[in-house]
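Only the coordinates and a few stated rules stand behind these numbers; no lab work does. This one's a predicted model, so the numbers in the text were calculated from it and none came from an experiment. For neighbour counting, all protein chains shown are included, and Cβ atoms are generated from backbone atoms with ideal geometry for every residue, glycine included.
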Amino acid sequence: MTVDEPTTSEDLLPVVMGPKTGDTRAKGILINVALYAICMLGAVALASLLVILTTDASPFDVIHALYLGSLSEPAAIGRTVEQATPILIVATGLVVTSRAGVFSIGPEGQFLIGVVFTGMVIFKLGLPPVPAIVLGLIAGAVGGGLWAGIAAVLRYWRGVDVIISTLLLNFVAIEVLSFFLNKTWLLQEKVNKQVLPPQSPSLNESFRLPRITIGGFTTTSGIILALVLVALMAFLGMRTRWGFRSRMLGLNPNSAQAAGVSKVLVGGGSLVISGLFAGLAGGVWFTGVNPRVVLGSGGTMPGEGLLTALISRRNPIVIVPVALFFGALRAGGLRLAATGVPSNIVQIVQALVVLAALLPPAILHVAERRKAVKIAQRAAAAEIASQEKVEVAA
Amino acid sequence: MSDANPAITLTDEAGNGPRVAVKMRGIIKRYASVIACDQVDFEVRRGEIQGLLGQNGAGKSTLMKVLTGVITPDAGSIEIDGQQVVISSPQEAGALGIAMVHQHFSVIDALTVWENVTLGERTKLDKSGAVKAVKEISARYGLDIDPFATIGSLTAGQRQRVEIIKCLRRDPSILIFDEPTSVLTLAESEELFTTLRHVVTAENRAVVLISHKLDEILNATDYVTIMRNGVVVAEAKTSETDARGLAREMVGRDVSLRGEAVALGLMHAAEQTAVTDATFDAEELQARPIVLDINNATVTGRGGVKLLDDFSLEVHRGEIVGLAGVEGNGQATLEKLLMSLVPLSEGDVQVDGEKVKDGRPGSMGHAGVAVIPEDRHEAGCVLDMTVAENLVLDDLDRVSKGRLVSKQLIRENAQKLIKEYEIKTPSPDTPMRSLSGGNQQKVVLARELSRNPKVLVAAQPTHGLDVGAVEYMTNQLRAAAEAGVAVLLISTELEEILALSDRIAVINEGKLMGVVERNEADLETLGMMMGGQAL
């Protein structure tokens, strides 16, 4: 572009963007809905086929059981919310890490360490109920944060890949929990000097998180805590310098460092924050959802938090409906298992539905990238065209 | 035909000079409202280097994409070796013996040279055969390369050698080079042209050299075709033209501005203006305070390699210092050092006499060092953030209210800078990715200058820009210097350095070879220093 270039940016507007109307937005939403519908139908069809092939149940029975367990009545909805609570807390922390460009698959380990810490504080310190719960949850968060901190230190001190370290730390955490559940002086239950299988004592009613009960609807008060955290993190992420910086770091680490963003503080910090949340989720799960810890506790729940964060694509608000969706699947799955469908089939059905939920964002992401490239190409063409104009004029 | 191998006959049956290898007639290609090629005729003969000259967007690349089957023309015919052909895919072009070395490399960093050379071949992987072939080709054409080296460890010039070897291995009879010297230095370019000359004279291949540099066209080609706005405006025997005539045809008017002369690689014009520049006063500049002071800087890379080796350089207030050198001799490391991306193992960097903590994120920026990096995508901007956000990045103080970032202030800042720097963007909230290269560069420039820096470091600031954008950039650098900023210009284009700098420093293998005043600089001394001989 020459200096005496007469074209202004307004001239380029229609060329670069095309007319911007409400139509295009409505169209976008429509495409979104259609994509989800197609993928979901596909998943349900596959799931039905699988169920027919492996059990006597009909596909309708499957859907009906899922519905009965998760949405049919206030009590079922309460169970859905309850199951969604730890998932939501895990996902809230992971939104922070993925925004900073750090990919952790360690929520499972951090969750279990959170359970251990919370359990030790409540069972061993002998505090009265309220301080025991508060301190227990804080300890759970700290435990998870420390566990994630190991990966952060390894990453920024010795350059160990976060995905690998967090994955391996999950296995270590499983063994740590196993150790605690196999020692009566730690968390193992002991009744009348008789040692039971590796499991913790059941948490006394008064040491559990209070319930919210409205008519037939009953759920854990942990959901309030989770929602407050979601709102808080969304606000911090969108409005603070820390949020801006971590976004910059996630999108281009070199530019971010040149501009003054510390990988160690912001990147490592985000990893520790996700650990705090996963640990807290463990504490909430133990005190609010499942009062007895056994080997394999939590199961795939932290992993579902990970998926929730993935599906929501860093959007801190979208994680609420997505977490509820996973909660519903869990609650419905419990019911489905009760109808005699093998639990591994239940898990496959859940996985298919998850895949169906993951596909549309992936498809849209690719489409968006292509569109951006096209816009850039058109802008370049417009630049050439305007240059020609100038030269003709000259 | 008497000759058993027609591909190496120098003349056609009638003996009328070189055989026509490519004959394109009436090629038309439109993109929406833009005509990229309008009734273009183009010919290439065996045993000759055909130059294709034109500015960015003149239609050169489109024409070559038609020839290589990447795009299909709207109209026109192509003859290869006298046979009418339709080229509808790159594979078909390859089968016809047409091969192209692209401006942007298509090698894979993590693989070795021989692995890259065999990429895309469907036969069984034959390591020893491939290594042998690489060695053979590199010996035959003087393309010195280690077949076992990893691409990631090579310089741009070496990577290009790999591309050329990869291309020659398929034994093409028609070779196309798209702006091959844009990342090479003078010496490397000359080597390349020697190779090209060998390829055409000794092996009777046909070569197309796409370029916008006049010197290159004048020195390396036999015939030249000049395109402007999608049409062929002139064709000539190179020996019968001169730089000024070529430039006139290329831009459509007489070249007068120094900035343009630089962009066109018109060395002589640049030198003339350099000497006659009345404002130049070396003694006065040297009396000014030193702003950027690099002392014995040493940066050690992997395996103990010294990327910067005891490197010292001073830049005064209001001065432009050009750092010349062959690509890959430590310029990138110096740039990273001044962006706080790498720490020093020895030495220090001072700004206004204050030592700057090296390698700590943002420390150089806070001390007043602004950098326009060579690769703006890698470290200059965040493509997935908006233009407005890219105009701020970490300078959050001025767009914050209390501890919170204000969207409104970000927008206001963006509107001001977009207007001031004539950035073409639909809105401040457009993603950076959607802007053209020249405008992305302007965003980086606007952000860095709006911080009122004391030092401005520009690395290859005009690389990949068209003439107008080059002029804009050079004017901005000069204006910054006039406003009292210490400017360090890192460039592999000597013309650019000669045209802009007050003093010229030369770097080789991370060491400073010497510093000369502009009016004392001559190409021979600079060339020797760039080749590693200290002054």
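General remarks:
- From most to least packed by mean Cβ count within 10 Å, the peptides B:398-405, A:285-292 give A:285-292, B:398-405.
- Peptide A:238-246 - average C-beta neighbours from other chains (10 Å radius): 5
- Here the extension length gained between B:Lys416 and B:Glu346 equals 21.1 nm, from 0.36 nm per residue of separation less the Cα-Cα distance.
- For the range B:108-171, the Cβ-based charge dipole about the Cα centre amounts to some 180 debye (Lys, Arg positive; Asp, Glu negative; other atoms uncharged).
- Cβ-based net charge around A:Leu168, under 15 Å, with every Lys or Arg adding one and every Asp or Glu removing one: -1
- Ordering of A:28-36, B:70-78, B:155-163 by burial proxy (mean other Cβ atoms within 10 Å per residue, highest first): B:155-163, B:70-78, A:28-36
- The protein assembly as shown - charge dipole about Cα centre, Lys and Arg +1 at Cβ, Asp and Glu -1, debye rounded to 20: 5100
- Test item: Cα-centred dipole of the range B:69-215, Lys/Arg +1 and Asp/Glu -1 on Cβ, debye: 440
- Among the trypsin sites (Lys or Arg not before Pro) in the range A:170-259, those located in a DSSP loop and surrounded by at most 13 other Cβ atoms within 10 Å of their own Cβ are A:Lys183, A:Lys193.
- Taking 0.36 nm per residue of separation and subtracting the current Cα-Cα distance, fully stretching the chain between B:Thr72 and B:Ser89 would add 5.3 nm.
- Take the Cβ atoms of B:Arg170 and B:Lys237, set R0 to 35 Å, and the FRET efficiency comes out at 0.70.
- Taking 0.36 nm per residue of separation and subtracting the current Cα-Cα distance, fully stretching the chain between B:Asp397 and B:Phe148 would add 84.7 nm.
- Here the translational diffusion coefficient of the protein assembly as shown follows from Stokes-Einstein with Rh set to the Kirkwood radius across Cα pairs; for 20 °C and 1.002 mPa s it amounts to 67 µm²/s.
- Taking the fewest neighbouring Cβ atoms within 10 Å as the starting point, the ordered list for B:Arg197, B:Arg228 is B:Arg197, B:Arg228.
- Neighbouring Cβ atoms from other chains, within 10 Å of the Cβ of residues in B:355-364, number 3 on average.
- Positive-pole candidate from A:Leu46, B:Ile504, A:Ile164, dipole of the protein assembly as shown, charges at beta carbon: A:Leu46
- Here each label is just a point 7 Å from Cα along the line to Cβ, and for B:Thr201 and A:Trp185 those points are 9.1 nm apart.
- Per the Kirkwood formula applied to alpha carbons, chain A shows a radius of gyration over Rh ratio, Rg over Rh, of 1.07.
- Mean separation of Cα pairs under 8 Å and 6 or more residues apart, divided by the residue count, gives chain A a relative contact order of 33 percent.
- Once C-alpha pairs closer than 8 Å and six or more residues apart are averaged by separation and normalised to the residue number of the range B:51-204, the relative contact order reads 25 percent.
- Each label was represented as a point 7 Å from its Cα along the Cα-to-Cβ direction; for B:Asp429 and A:Ser178 these points are 5.4 nm apart.
- Cα shape, the range B:108-171, gyration tensor, a/c 1.5 rule: oblate
- Considering only B:Pro373, B:Gly362, B:Ala388, the residue lying farthest towards the positive end of the dipole of the range B:302-395 is B:Gly362, judged by Cα position with unit charges set on Cβ.
- Among A:Leu94, A:Leu127, A:Leu137: highest mean-square fluctuation, GNM of chain A, C-alpha pairs under 10 Å: A:Leu127
- Of A:Gly106, A:Gly303, A:Gly144, the one that fluctuates the most in a GNM where chain A has Cα springs shorter than 10 Å: A:Gly303
- The modelled label-to-label distance between A:Leu358 and B:Ala287, using points 7 Å beyond Cα along the C-beta direction, is 7.1 nm.
- When the Cα positions of A:Ile174, A:Ile319, A:Leu154 are compared along the charge dipole of the range A:70-340, A:Leu154 comes out farthest toward the positive end, with charges on each C-beta of Lys, Arg, Asp and Glu.
- Charged neighbours of A:Ile122, selected by a Cβ distance under 15 Å, balance to +1 (K, R count +1; D, E count -1).
- Under the criterion of Cα pairs below 8 Å and six or more residues apart, the relative contact order for chain B equals 14 percent.
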